[in-house]
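First the structure, in the form of structure tokens, and then the observations on it.
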Amino acid sequence: MRYQISGKQIDIGDALQTHVETSLNDVMGKYAERPTDAHIVFSKHGGEFVAEVTVHLSTGLTAAAKGHDHQIYAAFDSACEKMEKQLRRYKRRLKDHHRDRQNPVDAMNAPLYVLAGSEGGEDDAEPETLQPIIVAEMETKIPSLSVGEAVMQMEIAGAPVLVFRNEGHNGVNVVYRRDDGNVGWIDPRKD
């Protein structure tokens, strides 16, 4: 597994890198057979360290966890425990969904735009134009999944929404977490 360990305005020493690699190898060895790469970012907010861990699996799933603590090792350990809990919780579902899948999940490229938010100030002020201001342009991938895999991916990643291509009919679908705790599924079809 490839590791990308970095810090936002903090130095990451060799001992911490070794601890991260050893801990994640243990967790991935138990619950995920084929992890491909891991991104770990450490930062400091106020008096707390924050560890953000994202692991990409060869099946196309992405697991993410975040930990906070006053010590950097404890922040990572907290994130690692959360990731282990997620993977343990979904291990059966991962096996059921991907037992027959021999190849990784297909993904199509799509443009991703970051739009400028509304500026603070008066709520009654009319915008000069209805065209949004594009702050950044990037490339993203839209995976081709079943609805069950999409819900599982969204829950494992801790995301509020997931856009995916439905394997059943190749249409673009959306699953999202509703305010009532249930999952919503948008499946626009041309009839």
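Rule-based calculations on the coordinates, nothing more; no lab input. Source: prediction; values computed, not measured. Cβ coordinates were reconstructed from backbone atoms using ideal geometry, including for glycine residues, and neighbour counts include every protein chain displayed.
The length gained by stretching the chain between Ile10 and Asn25 to full extension, at 0.36 nm per residue less their Cα-Cα distance, is 3.0 nm.
Amide H contacts under 5 Å for Ser146: Glu167, restricted to partners 5 or more places along the chain or on a different chain, H placed in the peptide plane at 1.01 Å from N. Rounded to the nearest whole Hz, the Karplus-based 3J(HN,Hα) values (6.51 cos²θ - 1.76 cosθ + 1.60, θ = phi - 60°) of region 41-49 follow the sequence 10, 9, 8, 10, 10, x, x, 10, 8, with x at glycine and proline.
On the beta carbon distance between His70 and Met138, with R0 = 41 Å, the FRET formula returns roughly 0.75. For region 2-98, the alpha-carbon coordinates run over 42, 22, 19 Å along the three principal axes, in decreasing order. Across region 107-186, Cα-Cα pairs farther apart than 22 Å form 45% of the total.
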